[in-house]
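To keep things clear, I will list the structure first and then write my remarks on it.
The values are calculated or read from the model by the stated rules, or taken from the named source; none is laboratory data. Model, not experiment: these values are computed from the prediction. So basically every Cβ, Gly included, is an ideal-geometry build from the backbone, and we count neighbours across all protein chains shown.
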C-alpha cells in the first residue's frame, strides 16, 4: 500500500454548507404535523406534510452536493497544493 | 390448493423468466479481468455509476417485504405504520457525510465489509468479529423475510397449500436465484434491479391514480379508515398518532435511519459504486423511492375502504396480514395487471435477497474464514468461499421459512434491527474519531446487545397472543436501570433500539478513560487521514481486484 504523497488532507474537512443536512430532522418533531387539517386532496395534514418533508430533504442534500462539489475543503494553510487537491470532488 | 389464477401466473412466469436470463447474462456485463476476486464477484468491480447505484441501492433498501408489510401495517394500526416516511426522509441527510468516508477508506484500503474497516481501524480481531457476526445474524432473518414477501404473492396467485407442496414454487424460485447469484455475483441483482424497479414504479403510480378514483377519492378512503379504527377496542391505532406513541414514532424512525447503512447489504451497495460523487447524487435521488413507499403505504387505507380481507395461510392456519396488498390488487385490478404487480413484488424479493446473501457471504469470507480458518487465502480462494457461503446463506433462509413459523423471521428481523444498531459506535463513529477505546466499544456492544434483547423479550403483544418479542415499543414505565425506574407510571412508548444504543454509548464512554488510565493496548490504526478522502481518479489509488 502506497503512502499518498504529502498526506493531502486533515482528518476532518468541513464545509458550512453541510449544516443544511440538519434541517430535514425537523420531521422527527411529530407535534408539528400530527393533526387532521388542513387536508389536501382529502389527505389529512399528517400524511401530505410528510411528503413535503421528502422534498425538503432532497433540496438539502442536493444543495450540499452542489455547493461542496467544486470547493470541497478549506486547504490546509501553509502547504503547497498538489494536483490531487485540485481534482478532489470534481465530477470526473 | 386454491384455484390457480392463470393470467396472473403466465405474466408472473414470463417476467420471472426474463430476470432469470438477465441474471445469468450478468456475469458478462461490464466484466472485469476475472470474477475470482471479491472486488468483482462481491462488489461488481467497484465501478457502478449513478444510475446503476440508484437502482441497486433502491432495490436493496426498498424490499419486497417493505412493499408488502408497510401497507399492511397501516391497514392494521394506522398512522404508526407511516414511520417509514420520517425514517427514509432523515436517513439520507444522516448518512450523507459518513458514507463518503466509509466509501473512501474502503476504496483505498480494499475493504469489502464494514467489519474489514473495523479490523483496519482498530486492529482488533475481537471487535471486528463482533461486528461481522452481528451483521450476519441481522441479515439472515432479513433474507427470510424476502421469502415471506414472495410467498404472500404466490399464495394469492393460488399456490396456497399446506406442507411442502405449498412451498414448492418458492423453492424453485430460490434455487434459480441461488444459481445465478453464485455465477454472476453482485452484477446479477444490479442488472435485475432495473426490471424490478421499473415494474414497481409503473405498478404503484397506476395504483395510486386508479384506486382512489375507484374508491371515491382520498376523502372517503380516510373516512373509511377512521371508521374502522374507531370500532376497534385498541387505543393505539388511528389515523393520527396519540400522545403515547409519538415518541415511538420519532425514535423508531431515527433508530431505523441510524441502522440502515450499518446493515451489511446496504454497505455492499455503497461500496460497489464508482466514486464519491455517485454517492452524493444518490443521496438526493434515492428519496424518489420514499415517495413511492409513502404512496404505497397509503394503499393500506385504500384496502380498508375496499373491504379487502387477508388470506388465511394454509400452512400455518392463521390470517396472514401480509397478503393484504396482493389481495387488494387481485380484487381491484384486471388479472393481467395484478400479474404485473405480483411480478414486481416477487422480483422485488429476489434483488435484495441476492444482495443480502452476497453481503453475508462477504462477511463470512473476509472476517471469519480469512481471519480464523485460512489466513493465507488467495483472492481466488476468497471468491470461491464467498460463492459457496452465498448458497448456504440462501438455503438457510429457505429452511427458516419451510421448517420454522414465518412469524419467527419477523420477530428476528425486529431483533436484528436492534442488534445492528449496536455496531454504530464501532463502525460509524470510528469513521470520524478513534476517541473510544477498543475495549470501551466491546463493553458497550455487550451491554447494548444484551440489554436490548432482554427489553425486547419483555415486551408482550396481547393482541397477537404473545408474551415475548411482541414489538419494539417499550413503555417508559418498564424502563428499569438496575432497579431505578426513572419514568414509573408513564405509558409513553420509545423504540428499544435507541434505548440500547444510548446504554451502549454510555458504557463505551465510561470504559474508555478507564482503559486509557490502565494503559490497555488500544490496537493499531492502519488507516491514514488521507484515506478518508480518497476518490476515483486519484492517481495513486489502489487498483481494483489487486492481490492482498
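Assuming residue B:477 fulfils every condition listed in (1) touching a residue at least 12 places away in the same chain (Cβ under 8 Å); (2) buried (at least 17 other Cβ atoms within 10 Å of the Cβ) apart from one, which condition is it? Residue B:477 satisfies every listed condition except (2).
Considering the conditions (1) part of a helix (DSSP H, G or I); (2) within 11 Å of chain A (Cβ to nearest Cβ), residue B:243 is excluded by exactly one of them, (1). Before we move on, is residue B:95 at pLDDT below 85 and either buried (at least 24 other Cβ atoms within 10 Å of the Cβ) or assigned to a helix (DSSP H, G or I) (or both)? Answer is no for this residue. For the stretch B:359-378, give me each residue that is over 22 Å from residue B:394 (Cα atoms) and under 28 Å from the mean Cα position of the chain (by Cα). Answer for the stretch B:359-378, where residues must be over 22 Å from residue B:394 (Cα atoms) and under 28 Å from the mean Cα position of the chain (by Cα): B:371, B:372. Count of the stretch B:148-172 residues, restricted to those that are on the phi > 0 side of the Ramachandran plot and modelled with pLDDT under 70, is 1.
Among the numbered conditions (1) at pLDDT 85 or above; (2) in contact with a helix residue (DSSP H, G or I) (Cβ under 7 Å, 6 or more places away or on another chain); (3) surrounded by fewer than 24 Cβ atoms within 10 Å (Cβ to Cβ), the only one that residue B:213 does not meet is (2).
Check B:202, B:175 and return the single one that is away from chain A (no Cβ under 14 Å), closer than 30 Å to residue B:389 by Cβ and out of contact with any helix residue (DSSP H, G or I) (no Cβ under 7 Å at 6 or more places or on another chain). Please lay out each step first, then the result.
Values: B:202 fails: closer than 30 Å to residue B:389 by Cβ.
Exactly one residue qualifies, and that residue is B:175.
In this structure, residue A:73 does not satisfy being within 10 Å of chain B (Cβ to nearest Cβ), under 17 Å from residue B:96 (Cβ atoms) and at pLDDT 50 or above.
Looking across the stretch B:493-529 at every residue that is within 11 Å of chain A (Cβ to nearest Cβ) and free of Cβ contacts under 8 Å to residues at least 24 places away in the same chain, the one that is surrounded by the fewest Cβ atoms within 10 Å (Cβ to Cβ) is identified as B:529.
Of all residues in the stretch A:19-42, those satisfying the criterion of being within 9 Å of another protein chain (Cβ to nearest Cβ), in a helix (DSSP H, G or I) and surrounded by 13 or more Cβ atoms within 10 Å (Cβ to Cβ) are A:20, A:21, A:23, A:24, A:25, A:27, A:28, A:30.
If only one of B:52, B:89, B:10 is closer than 24 Å to residue B:362 by Cα, assigned to a helix (DSSP H, G or I) and out of contact with any strand residue (DSSP E or B) (no Cβ under 7 Å at 6 or more places or on another chain), which one is it? Step through it out loud before you land on a result.
On the way: B:89 fails: closer than 24 Å to residue B:362 by Cα; B:10 fails: closer than 24 Å to residue B:362 by Cα.
Of B:52, B:89, B:10, the one residue that is closer than 24 Å to residue B:362 by Cα, assigned to a helix (DSSP H, G or I) and out of contact with any strand residue (DSSP E or B) (no Cβ under 7 Å at 6 or more places or on another chain) is B:52.
Screening residue A:40 on (1) modelled with pLDDT of 90 or more; (2) touching a helix residue (DSSP H, G or I) at 6+ places or on another chain (Cβ under 9 Å) shows it passes everything except condition (1).
Might you check whether a residue that is modelled with pLDDT of 85 or more and either crowded, with 21+ Cβ neighbours inside 10 Å or closer than 21 Å to residue B:357 by Cα (or both) occurs anywhere in the stretch B:31-38? Explain how you work it out, then say what you get.
Initially, the stretch B:31-38 is screened for residues modelled with pLDDT of 85 or more, giving B:37-38.
Imposing the further condition that a residue be either crowded, with 21+ Cβ neighbours inside 10 Å or closer than 21 Å to residue B:357 by Cα (or both) reduces the set to B:37-38.
The answer is yes, given that some residue of the stretch B:31-38 is modelled with pLDDT of 85 or more and either crowded, with 21+ Cβ neighbours inside 10 Å or closer than 21 Å to residue B:357 by Cα (or both).
Within the stretch B:384-397, count every residue that is modelled with pLDDT under 90 and crowded, with 21+ Cβ neighbours inside 10 Å. Of the residues in the stretch B:384-397, 3 are modelled with pLDDT under 90 and crowded, with 21+ Cβ neighbours inside 10 Å. Are any of the residues in the stretch B:138-147 surrounded by fewer than 24 Cβ atoms within 10 Å (Cβ to Cβ), more than 24 Å from residue B:298 (Cβ to Cβ) and within 11 Å of chain A (Cβ to nearest Cβ)? The answer is no; no qualifying residue exists.
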